[in-house]
Amino acid sequence: MTEQLRPDICIIGAGAAGLSLAAAAAAFGVPVVLIEKGRMGGECLNTGCVPSKAMIASARYAELCRNSGQFGIQQVLSGIEFDKVNDRIHRVISAIAPNDSKERFTGLGVRVIEGTAWFRNARTVVVGPEHDISHEIAARRFVIATGSLPAIPQIPGIEQIPYFTNENIFETRERPQHLIIIGAGSNGLELAQAFRRLGSEVTVIERDQPLRREDPECTAIVLDTLAREGVTVRSGAKVQRLRRLRQRIEVVLDNGETVHGSELLIAAGRRPNVEGLNLGPPMSSISRTAS
Ligand SMILES: Cc1cc2nc3c(=O)[nH]c(=O)nc-3n(C[C@H](O)[C@H](O)[C@H](O)COP(=O)(O)OP(=O)(O)OC[C@H]3O[C@@H](n4cnc5c(N)ncnc54)[C@H](O)[C@@H]3O)c2cc1C
């Protein structure tokens, strides 16, 4: 049977944005419904900030070990167990997960619903497939906090290549031998440094300038450090096509040069995650007319 709800606020998405808003609304005693179709905590906890920073922490230890001699400490880096680095990443996620959990938010007074939300019309959100709707929510305000998805560039040949994005890179328990990263934004570069420090060869390909929205002085420091640590960054190089060669991946650049690697990570920007919400022209009018 479909449960009918009439909260003040209905939030779609329990990532960093949705959770913060839900906690604040509940603290003010506002009736609030929070709907999540995947894992509570969204990208930050599961496939973004937390796993990346946990990986970076392991990589930093490896680098400290390599450089300890200059501080008068003789320490030998005798090996990196990539599977154990990965185990730790998941332990860190598990340690933080209770903060973002359904149980915690329910305890705060938020009504948490697990399922996929979509707009039946401009005033009603439903949860579940058309033939099996579990909840129908008519809220005073709706908040779309559904985040973003990795943007996958339409490069000829990409359909033949298995590639990583932030959604699955933290699942790999084997260290890539030579990781090619498409995209030199903050995510691409932080992972480039982490994988390099953990022993992979890394080549980053960027069609524009790396970190182009950042302060050029700061960017120069980052790029110098990456170069010193052995990360290759190819700027102003557009990928023309991709090819799978037995165990290797070939990347052909627009200047005709090729780069070969063992794995590919796409970190080429983000796109809004609004497909399936059934948003349409009525949504633009609801923001003007809602009271
Ligand atoms: C590798 C990496 C490292 C990062 N590091 C940092 C960092 O160090 N610091 C920082 O500030 N940011 C960092 N970020 C960015 C950060 O992860 C995002 O800005 C943040 O997670 C966005 O939160 P959000 O709530 O907007 O969206 P999300 O976290 O994406 O949450 C959206 C949620 O909505 C759910 N959802 C979508 N559609 C529906 C639907 N129809 N029904 C129900 N639920 C739905 C999704 O399942 C998801 O859980 C990093 C990102 C990446 C990829």
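The values are calculated or read from the model by the stated rules, or taken from the named source; none is laboratory data. Note that the structure is a prediction, hence the values are computed from the model and not measured. As a convention, Cβ positions derive from the backbone with ideal geometry for all residues, glycine included, and neighbour counts pool all protein chains shown.
Annotations for the structure displayed:
- Given (1) touching a Ser or Thr at 6+ places or on another chain (Cβ under 6 Å); (2) crowded, with 21+ Cβ neighbours inside 10 Å, index of the condition F105 fails: (1)
For every residue, the table says whether it meets (1) more than 25 Å from R123 (Cβ to Cβ); (2) within 16 Å of the ligand (Cβ to nearest atom); (3) in contact (Cβ under 8 Å) with a residue 24 or more places away in the chain.
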| residue | (1), (2), (3) |
| --- | --- |
| T2 | no, no, yes |
| G13 | no, yes, yes |
| L34 | no, yes, yes |
| R60 | yes, yes, yes |
| L77 | yes, no, no |
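- Residue match in the range 13-29 (condition: within 16 Å of S134 (Cα to Cα) and among the polar types (S, T, N, Q)): no
- Selection from the range 1-15 of residues that are modelled with pLDDT of 95 or more, among the hydrophobic types (A, V, I, L, M, F, W, C) and surrounded by fewer than 24 Cβ atoms within 10 Å (Cβ to Cβ): L5, I9
- For the range 136-179, residues that are out of contact with any Leu (no Cβ under 9 Å at 6 or more places or on another chain) and within 11 Å of the ligand (Cβ to nearest atom) total 5.
- Hey, L223 under 22 Å from the mean Cα position of the chain (by Cα) and either crowded, with 18+ Cβ neighbours inside 10 Å or more than 23 Å from K53 (Cβ to Cβ) (or both) or not: no
- Test result for C49, buried (at least 17 other Cβ atoms within 10 Å of the Cβ) and within 9 Å of the ligand (Cβ to nearest atom): no
- Every pair of residues 6+ apart whose Cβ atoms lie under 6 Å, when the first sits in the range 182-199 and is of a type in the set (K, R) while the second is away from the ligand (no atom under 11 Å from the Cβ): R196/V202; R196/E229; R196/G230; R196/V231; R197/A59; R197/A62; R197/E63
- Residues in the range 181-227 that are among the basic types (K, R) and under 13 Å from G269 (Cβ atoms): R207, R212, R213.
- Residue within the range 33-45 that is surrounded by fewer than 20 Cβ atoms within 10 Å (Cβ to Cβ) and part of a helix (DSSP H, G or I) present: yes
- Residue match in the range 16-28 (condition: among the aromatic types (F, W, Y), modelled with pLDDT of 95 or more, part of a loop (DSSP other than H, G, I, E, B) and out of contact with any strand residue (DSSP E or B) (no Cβ under 9 Å at 6 or more places or on another chain)): yes
- Note on the range 147-204: among residues that are assigned to a loop (DSSP other than H, G, I, E, B) and among the hydrophobic types (A, V, I, L, M, F, W, C), the one that is surrounded by the most Cβ atoms within 10 Å (Cβ to Cβ) is A184.
- All conditions but one from (1) within 17 Å of I12 (Cβ to Cβ); (2) in contact with a Leu (Cβ under 8 Å, 6 or more places away or on another chain); (3) loosely packed, with under 15 Cβ neighbours inside 10 Å apply to P129; the one that does not is (2).
- Taking the criterion of being out of contact with any Ser or Thr (no Cβ under 8 Å at 6 or more places or on another chain), surrounded by 11 or more Cβ atoms within 10 Å (Cβ to Cβ) and polar (S, T, N, Q), the residues of the range 68-100 that qualify are S68, N99.
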